[in-house]
Amino acid sequence: MKRGLVSENYLLEPEFKPLVVIELAKDVKEETKKWLLKKVMDKKKDGGAQLLIKPLVISEEEENIYVVGASTRRLLFGAEDVGFVKENEDGTMRPFLYSNRKEYKNFMGDGEDFLSIAECQYIIKHEFDNLRAQDETSIPGYPQSKLYPGKSIVRRMKTSGLLIQIFPLHDKDELKRLSFQWYRQIKFAYQPIDNIRHYFGDTIGLYFGFLEFFTLALIPMALIGIPYYFFAWEDYDKYVIFATCNLVWATVILELWKRYCSTMTFRWGTLLMKREFEEPRSGFHGVLGINPITGKREPTYSSLKRQLRIYLVSVPFVCLSLYFAIYVMMIYFDLEDWAIRYNHEQQSTFSSFLLFVPSIIYAIVIEILNRIYRYAAEFLTNYENHRLESSHQNHLILKVLVFNIVNCFASLFYIAFVMCDLKLLRQSLATLLITSQILNQFVEALLPYWMQKRQNKQIKNKVKALKVETEFTLLEQVHLEKEMDAYLGTFDDYLELFLLFGYVSLFSCVYPLAALLAVLNNVTELYSDALKMCRLFKRPFAEPSASIGVWMHALLALKFILAFVIPNKPIDIRIKLARLEFESMEALKQKQQMKLSFDSLTEDAIDS
């Protein structure tokens, strides 16, 4: 039998639908492959994942690529294990139980279409993440790749270079429909949030829901900001009024978002999902023990060791990074001083242009430093060895936020409250906003799109050159998707929105067009993010989410900073009050001196 027929025959079996792809290294030993396949197919009680797996065999090159699926019954049991919440026939939301499957809305027949493909892929990922070593001391065939009870098999194989990647497959028909509804037609309409969530999962759905909500919330501030920009530059009283509007606006939109988010996630079922029994993240390692709550065997790690790693390693590194960011900021101010002096001496077109160069360079340096620090923060957070994915993400976000706030906002605070230079503040804020938006759009969308188009053409030609005797639709899809970059999650996208929120809420009182620039950025961001999700990156595994997580703690903290920063009295009023107090003090001194002089004269007259 020709190899070109093997995978197609497998994939035509009615009970097998390929959902996830596994790519092993080309030189992986046969005993390693057999061991892994056995782990994947073994029953859960024997430490396996109880999934279906088939090789995608077309030629020698594809012999280490496998497609993974599961029976409908297995997926339904998996839905119960992960705690999916579904709508009951009576309209209530309840955790899914296989024994009560007929009581849930839209459950028909054997339940083949009850779960979305994204949910099925999440279940498979969940099972892979929980494939852990039992009695093995090393990966078969690789004695140097050590294992111990409780160690994640998938993670160990990745770090050993034996497992290249695991990724979920796109559903071409559903993706085509979603793309048309979402970004292929430019129109003034709401995004299909429920359809986005159905295809990509709750985390992605919530991000695009927040992006849409934030964009709409910015419109009132943008409309107010336009007349302020043209008519109220030097009126400090109106600055304070605008800043107060910012404070009220920030408070109202955050409260409205919490209500809107709760409504969405309740309808999706994730608001009621129990996260207390969350499984350990695949990167978590430790001695195998028993979870006192669930009774399951899982790795354990001393919280004291974790705290020592946080306070003796992570915290000092973060402080050192903040010092470096402030040092770079001071270099920027030295460049600003030089440009101002040069312009004052030369008074030419070139010297006027040079006034903007330090701000542009500093904006680019800020973006570079943010990206470099991100990798360091990820390394440190992995080193801390957090048990839960949610805890891991929270510590990572906290590290990155602290650095980004200092790196992006420190110079603006210094200009506003130390230098008191409103003209420079406006220039710096506008440069930061425009430069960062241009860089982000280029790096996140335009450059990957151009590179992906070139790569796709090469892969299609390569697949056609195989000249197999069967349809290669699946083969072509797997080849195209396995070469795509992995989507690294919503972290960077939320970070960008957080910084925009900070620029608008903290500093738009002195540069009222900040909200308008943020709206324009978000509109282009919406289409570029939709494009990269559907065309440029591998399909990410869906993740259940009940909120935007620690980013909401972060936004509230920024709001309190805003309340602290806005002075109760405008600067001109404070100057007038200080002058009155000074004049009162001077008048009092003069009165006392006159009284002393009068007393002295009186005493002299009496003596004489």
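The values are calculated or read from the model by the stated rules, or taken from the named source; none is laboratory data. Keep in mind the model is a prediction, meaning the values are calculated, not measured. Don't worry about glycine lacking a Cβ; one is built from the backbone with ideal geometry, like all the others, and counts go over all protein chains shown. Surface accessibility is based on the protein's heavy atoms, side chains included, excluding ligands, DNA and RNA. Shrake-Rupley method; radii C 1.70, N 1.55, O 1.52, S 1.80 Å.
Using a Förster radius of 30 Å, what is the FRET efficiency between residue 485 and residue 383 based on their Cβ-Cβ separation? Nearest 0.05, please. Don't skip to the answer; put the middle values down first.
Numbers: r = 25 Å, r/R0 = 0.83.
About 0.75, to the nearest 0.05.
Between the range 342-397 and the range 527-541, the C-alpha centres lie 25 angstrom from each other.
Using the heavy atoms of the protein chains alone and a 1.4 angstrom probe, what is the accessible area of the range 252-376 per residue in square angstrom? Mind showing how you got there, number by number?
Working: 7640 Å² over 125 residues.
Heavy-atom accessible area per residue stands at 61 Å².
Compared with the alpha-carbon gap, the fully stretched path from residue 137 to residue 585 is longer by 153.0 nm at 0.36 nm per residue. Computed over the range 19-166, relative contact order equals 25 percent, with contacts defined as Cα pairs under 8 Å that lie 6+ residues apart.
Placing unit charges on the Cβ atoms only, positive for Lys and Arg and negative for Asp and Glu, gives the range 105-209 a dipole magnitude near 540 debye about its Cα centre.
Residue 350 contributes an accessible area of around 120 Å² to the protein surface, as traced by a 1.4 Å probe with all chains present.
For the range 158-203, what is the accessible area per residue in Å² when the probe is 1.4 Å?
On the way: 2600 Å² over 46 residues.
With the other protein chains kept in place, the range 158-203 gives 57 Å² per residue.
For the range 485-540, the solvent-accessible area of protein heavy atoms averages 25 Å² per residue (probe radius 1.4 Å; ligands and nucleic acids excluded).
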